[in-house]
Every structure is written in structure tokens, then in C-alpha cells.
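Since the structure comes first, as C-alpha cells, the remarks are kept for the end.
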Amino acid sequence: MYNIADKYFLPRGYLSYSAMNDFYYNRKRFQDKYYRGIESPVTPELIFGKKIGELLEHGDESLAHISHGDVAEKRLDFKVDGIPILGYIDSFRTDDSFIFEFKTGKTPWTQGRVNKHFQLDVYSLGVEITEGKVNDECMLIWMETRKVEKKLEGRCSHASAYEIEFTGKVKEFTRTITKDDRAATYDKIVTIAQDISEDYTDWLSTQEKNQSRFVVKEGRGV
């Protein structure tokens with residue numbers, strides 16, 4: 001538990017895009033992971049995504065047709081109003097500070113969805129802060145995948161129930177993120193940090209009250 005600049009109270013002392021996204025769109029998963037310390041199960045999708053990153057990093061010929069930069073898994077570590085923000089850009093082109101984000105899955109991405117994808121805004125802001133400059137244009141590349149069920153005897157874990165494979169369909173989306181957009185992203189991150197701080201404070205207060213009731217109840221039962 002941390003108190004950042006006496007302004008924010010965050011469970012891990014930092015934020016990431018996935019944490020901010022879960023807070024608004026999957027509150028239970030957010031609270032399980034960041035408040036209760038319950039990690040989400042490793043899925044075939046996560047395993048596949050990591051494998052794709054490794055193949056691109058090593059210049060595998062099977063992915064030679066996929067646009068990418070010269071740096072894979074570029075770490076972003078920057079601050080917004082004193083709040084540490086952590087992230088990893090899938091691929092980064094250093095000569096013009098260009099961001100590539102890779103997405104896999106069955107559900108097609110659209111330009112409208114890309115234009116609203118907050119992860120790109122966060123990364124664009126992060127590059128501007130850490131590098132001193134960032135290309136206003138960035139690219140999201142969707143690689144369609146499908147599930148392949150695995151025939152295994154007996155009960156199998158979630159991670160081994162099926163595998164993921166490419167269908168061969170690839171679609172590239174270019175998006176422009178302006179300096180004004182990055183300024184708005186800065187303000188949005190501050191608002192999110194404030195909302196998480198309030199939620200975490202309320203959650204801890206509820207846990208303390210429940211614990212007190214439990215202690216009183218147990219005491220009466222003795």
C-alpha cells in the first residue's frame with residue numbers, strides 16, 4: 001500500500017493500462033488482482049501472445065510480413081502527476097518513435113475501435129514523456145486467430161484445454177494521436193488514479209468493518 005505525494009492511495013503504488021481498463025470494465029477482476037492478490041489464470045491466449053512477441057523479436061520468417069519496429073517489448077516507465085505508470089509496447093521503431101501494438105483473437109478490430117483504444121493513448125503519452133518526442137501516428141495490427149480444441153483424456157487445466165493458431169488474416173489500422181490528445185490522456189489518468197484511490201480506501205474500510213464484526217461475533221461465541 002502506498003501514498004503517492006499525499007494525493008493518491010493505490011494498492012500497488014503504480015498503474016498500468018490493463019489495471020485502469022479493468023477498474024472501469026471489470027471491477028471484480030481488478031479487485032481480485034490488486035486488492036485480494038488473486039491472479040487471473042494463464043490462458044492459451046496469453047501464452048500465444050507472448051510467443052508471437054518472441055518470434056517477432058527474433059525475426060522469425062513466419063512473421064516477416066507483419067509490420068514491426070526494431071525494438072520488441074519496449075518498457076515504459078514514466079510518471080503522471082507523481083503516479084508511476086508501467087507498460088510494454090509490443091514493438092517500437094526508434095528512428096521516428098513509432099508505436100506498434102499487436103492484437104490477436106477471433107473478434108475483428110475496426111477503425112472505430114482502434115480510435116477509442118486507450119492503451120494507444122497511454123503509450124503515446126509515455127513515449128513523449130520518456131523520449132521527449134513521439135510520432136503522432138501509431139499502428140494497431142490485428143492478427144486473426146482461432147481456437148483448436150485439444151483431445152486429452154481426463155480433466156485438463158484451463159491453459160491446456162485448447163490451443164491458439166493463426167488463420168492468416170492480418171489487418172493494419174493507423175491512428176493519429178495529437179499533443180492535445182496526450183494532454184487529455186494525462187488528465188484522464190489523474191482522474192482514474194483518484195477514482196481508484198477512493199475505491200481502494202472504501203474497500204479497505206469495508207474489510208476492516210467486516211473483520212471487526214467477525215471478531216465481536218467470535219468473542220460472543222466463546
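No lab work stands behind these numbers, since they all come straight from the coordinates. Note that the structure is a prediction, hence the values are computed from the model and not measured. Here Cβ is always computed from backbone atoms with ideal geometry, including for glycine, and neighbour counts include all displayed protein chains.
Brief remarks on what is shown
- 31 Å Cα-Cα threshold exceeded, pairs from Lys103/Lys209; Lys7/Lys171; Lys28/Lys147: Lys103/Lys209; Lys7/Lys171
- The antiparallel fraction among DSSP beta bridges confined to segment 41-221 stands at about 75%.
- FRET efficiency for Asp70 and Ser18, using Cβ-Cβ distance with R0 set to 35 Å, rounded to 0.05: 0.90
- Between the listed residues Ile83, Phe118, Gln207, the Cα displaced farthest toward the positive end of the dipole of segment 41-221, a dipole computed from Cβ unit charges relative to the Cα centre, is found at Gln207.
- Packing order of peptides 97-105, 72-80, 26-34, highest average first: 97-105, 72-80, 26-34 (average count of other Cβ atoms within 10 Å over each peptide's residues).
- Sequence-distant aspartates and glutamates (8 or more away, or on other chains) whose Cα lies within less than 16 Å of Lys50: Asp60, Glu73, Asp90, Glu101, Glu144, Glu163, Glu165
- Hz values of 3J(HN,Hα) by residue in segment 97-107 - Karplus curve (6.51, -1.76, 1.60), Gly and Pro given as x: 6, 9, 9, 10, 10, 9, 10, 10, x, 7, 6
- Given charges at beta-carbon only (K, R positive; D, E negative), |dipole| of segment 41-221 in Debye: 900
- HN-Hα J in Hz across segment 52-67 - Karplus 6.51, -1.76, 1.60, θ = phi - 60°, x for Gly and Pro: 4, x, 5, 5, 5, 4, 9, x, 4, 5, 5, 10, 4, 7, 8, 5
- Proxy reagent accessibility, fewest Cβ within 10 Å first, across Trp203, Trp109, Trp142: Trp203, Trp109, Trp142
- Simple label model, 7 Å out from Cα along Cβ direction - Asp60 to Gln194, nm: 4.5
- For Rg and Dmax of the Cα atoms in Å, calculated from these coordinates, the label among [x] 19.9, 68; [y] 17.5, 53; [z] 20.8, 71: [z]
- Positive-end ranking of Thr176, Phe102, Phe166 along the dipole of the chain, with charges on Cβ about the Cα centre, is headed by Phe166.
- Built amide H within the under 5 Å cut-off of Tyr162, gap 5+: Lys150
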